[in-house]
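Asks: Okay, handing you the structure first.
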Amino acid sequence: MLDERITTPTNQQNLDIRPTPREEMNLYPLDTFSYEYVGREIWVEFEMPEFTAICPFSDFPDFAVIRLKYVPYERCIELKSLKLYINAFREVKIFHEHVINLILEDFVKACDPLRVEIEGDFHVRGNIKTIVRASYARK
């Protein structure tokens, strides 16, 4: 029984699931500035306790604490742009797993860090708590 695998998504509830397409997200661009200590490895950590996005299944808001830490290479993230970027998700319909991967991809594209770790600690909904983690290491 456990060896039987379902490889295609199922929607047995027949819900109208419509995540926001990437090109319609209107996310704020992530700005950077030069890291003057290239070669000196430091960890920079951010905690964003008021993250909100919209559940594509229910259209209800999902709340989370996003924790992001990284080791800069040549560029650092500018904080105001990060705040505007994160807050833009309030109007985006996206799954927990996808939002963490999307933030990771955009962050890496913007500042090309040596390493980055991200965690989405989503609040309990319907008796289920979700934590999603992802990481990246520069080659």
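Matching residues to (1) of a type in the set (Val, Ile, Thr); (2) surrounded by 15 or more Cβ atoms within 10 Å (Cβ to Cβ); (3) in contact (Cβ under 8 Å) with a residue 12 or more places away in the chain; (4) closer than 21 Å to VAL38 by Cα:
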{"position": "VAL71", "(1), (2), (3), (4)": "yes, yes, yes, yes"}
{"position": "VAL99", "(1), (2), (3), (4)": "yes, yes, yes, no"}
{"position": "ASP121", "(1), (2), (3), (4)": "no, yes, yes, no"}
{"position": "ASN127", "(1), (2), (3), (4)": "no, no, no, no"}
{"position": "VAL132", "(1), (2), (3), (4)": "yes, yes, yes, no"}
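Asks: Keeping to segment 40-59, report how many residues are modelled with pLDDT under 95 and not acidic (Asp, Glu).
Replies: 4
Asks: Any idea which residue in segment 49-66 is farthest from the chain's Cα centre (by Cα), counting only those that are surrounded by 18 or more Cβ atoms within 10 Å (Cβ to Cβ), free of Cβ contacts under 8 Å to residues at least 60 places away in the same chain and part of a strand (DSSP E or B)?
Replies: Only one residue fits best here, namely ILE54.
Asks: Of these, TYR85, TYR73, which one is under 13 Å from LEU27 (Cβ atoms), among the hydroxyl-bearing types (Ser, Thr, Tyr) and out of contact with any Cys (no Cβ under 6 Å at 6 or more places or on another chain)?
Replies: TYR85
Asks: Which one of these does ASP16 not meet: (1) modelled with pLDDT of 95 or more; (2) surrounded by fewer than 11 Cβ atoms within 10 Å (Cβ to Cβ); (3) over 21 Å from the mean Cα position of the chain (by Cα)?
Replies: Failing condition for ASP16: (1).
Asks: Spot the failing condition for GLU117; the list is (1) assigned to a strand (DSSP E or B); (2) surrounded by fewer than 17 Cβ atoms within 10 Å (Cβ to Cβ); (3) free of Cβ contacts under 8 Å to residues at least 60 places away in the same chain, and only one is missed.
Replies: Condition not satisfied by GLU117: (2).
Asks: Hey, any hits in segment 81-97 for a residue that's surrounded by fewer than 18 Cβ atoms within 10 Å (Cβ to Cβ), without any contact (Cβ under 8 Å) to a residue 60 or more places away in the chain and either out of contact with any strand residue (DSSP E or B) (no Cβ under 9 Å at 6 or more places or on another chain) or part of a strand (DSSP E or B) (or both)?
Replies: Checked segment 81-97: at least one residue is surrounded by fewer than 18 Cβ atoms within 10 Å (Cβ to Cβ), without any contact (Cβ under 8 Å) to a residue 60 or more places away in the chain and either out of contact with any strand residue (DSSP E or B) (no Cβ under 9 Å at 6 or more places or on another chain) or part of a strand (DSSP E or B) (or both).
Asks: Taking segment 1-48 as the region of interest, how many residues are assigned to a strand (DSSP E or B) and closer than 15 Å to ILE100 by Cα?
Replies: Residues meeting the conditions: 3.
Asks: Within segment 27-48, can you find the residues that are touching a residue at least 40 places away in the same chain (Cβ under 8 Å) and over 15 Å from the mean Cα position of the chain (by Cα)?
Replies: The answer is ASP31, THR32, PHE33, SER34, TYR35, GLU41.
Asks: State whether one or more residues within segment 33-44 are crowded, with 16+ Cβ neighbours inside 10 Å and out of contact with any Pro (no Cβ under 9 Å at 6 or more places or on another chain).
Replies: No: segment 33-44 contains no residue that is crowded, with 16+ Cβ neighbours inside 10 Å and out of contact with any Pro (no Cβ under 9 Å at 6 or more places or on another chain).
The values are calculated or read from the model by the stated rules, or taken from the named source; none is laboratory data. Given the structure is predicted, the values throughout are model-derived calculations rather than measurements. All Cβ positions, even for glycine, are placed from backbone atoms using ideal geometry, and neighbour counts span all protein chains on display.
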